[in-house]
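See structure below.
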Amino acid sequence: MKLNRNIARTISAVASFLLITALLFTSLRIVMNDSQLHDKEFKRLGVAAAMGMSDEDILASMMRLVDYMEGRVDSVEIEVEVFGRRVMMFNERETLHMIDVRALYMAWRTASYIMAAVAAAMFAVVAFARRREAAFDIAYGFVLASCLFVIVAAVLSAWALIDFNSFWTSFHLLFFDNDLWLLDPLTSRMINMFPAEFFERLIRRFVLLFVPCFAALAACAAAVLGAGVKRRRKNNLKSPENG
């Protein structure tokens, strides 16, 4: 099997974008499952005290949501103590909304596995078909995909920074076909347990986890690409036509 240069690089670029996306979601999952991080942020922000709950109950509620999204438990139902009274943490609307959130989360989790597997297969095809040129073609594709990813990420980040409400609303309208995500702060503990600063800290940790991994891969690809370009220039200078 043979592939010409352009097809090999296109395949590599697609595979690279799939790999980057899978890495993105994997980084998100790691942060979401970090109970120590959540505990630290809840205590720092005083969320439990503001809600009339204990630190243990607020963390248990958070991890119940995470366990539910990961498929480790079948329900978000958990009993907690609020201002000295034993109650169910989440109301009916929150519980119904989490069914949709879980479906979306698990779909993305499955998709990330598939993306990683497909990317590996595509890289293998290029490696087999291009042999000596494979490293250069894969690196070329990864740099191209990285540039595209950075552009998309920059646009979305700028949108979120300029008008977060528009960004947040559009996200929910895109992925949910109902209005269960519109929760009332007066009745929703799920809303009150996640102040804006809590999300900001999670996003910061997520960025600090994802970006170094992504940057390391991009740097390696750029190094391979640079070395390949230098080698080709050197070979061209040594060719009889240039002698």
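Among [x] 142; [y] 131; [z] 152, find the value of volume of the Cα convex hull per residue in Å³ that was calculated from the structure presented, and write down its label.
The listed entry that was calculated here is [z].
Pull out the extension gain between PHE128 and LEU45, defined as 0.36 nm times the separation in residues minus the alpha carbon to alpha carbon distance; nm, one decimal.
Numbers: separation 83, 0.36 × 83 = 29.88 nm, distance 5.36 nm.
Length gained, PHE128 through LEU45: 24.5 nm.
Helix 5-32 versus the longest principal axis of the chain: what is the Cα-based angle in degrees, 0 to 90, to the nearest 10?
20
Rolling a 1.4 angstrom probe over the protein heavy atoms, how many square angstrom per residue are accessible across the range 24-128? Provide the component values of the computation, followed by the final result.
Values: 5290 Å² over 105 residues.
So the range 24-128 comes to 50 Å² accessible per residue, rounded to a whole number.
What ranking of TRP181, TRP168 comes out by heavy-atom accessible area, probe 1.4 Å, highest first?
Numbers: TRP181 40, TRP168 105 Å².
Output order, biggest surface exposure first: TRP168, TRP181.
Roughly how much of ASP179 is accessible, in Å² to the nearest 10, using a 1.4 Å probe?
Surface accessible to solvent at ASP179 totals approximately 90 Å².
Find the accessible area per residue for the range 129-243; the probe is 1.4 Å, ligands and nucleic acids are left out, and the unit is Å². Mind showing how you got there, number by number?
Working: 7890 Å² over 115 residues.
For the range 129-243, the solvent-accessible area averages 69 Å² per residue.
When the helix-only estimate is applied to the chain (DSSP H runs of n ≥ 4, each -39,500 (n - 2.57), divided by the residue count), what is the mean residue ellipticity at 222 nm, nearest 500 deg cm²/dmol?
Numbers: 9 runs with 186 residues, N = 243.
So the calculated ellipticity at 222 nm is -26500 deg cm²/dmol.
For the chain, which whole percent of the accessible surface, found with a 1.4 angstrom probe, sits on carbon and sulfur atoms? Each step should come with its number before you reach the end.
Values: 9210 of 14380 Å².
After summing per-atom areas, the C and S share lands at 64 percent.
I need to check one value: relative contact order of the chain, counting alpha carbon pairs closer than 8 Å and at least 6 residues apart, in percent.
About 31 percent, as a whole number.
The values are calculated or read from the model by the stated rules, or taken from the named source; none is laboratory data. This structure is a prediction, so every number in the text was calculated from the model and none was measured. For the accessible areas, the whole protein counts, side chains as well, though only heavy atoms, and no ligand, DNA or RNA atoms are used. Shrake-Rupley method; radii C 1.70, N 1.55, O 1.52, S 1.80 Å.
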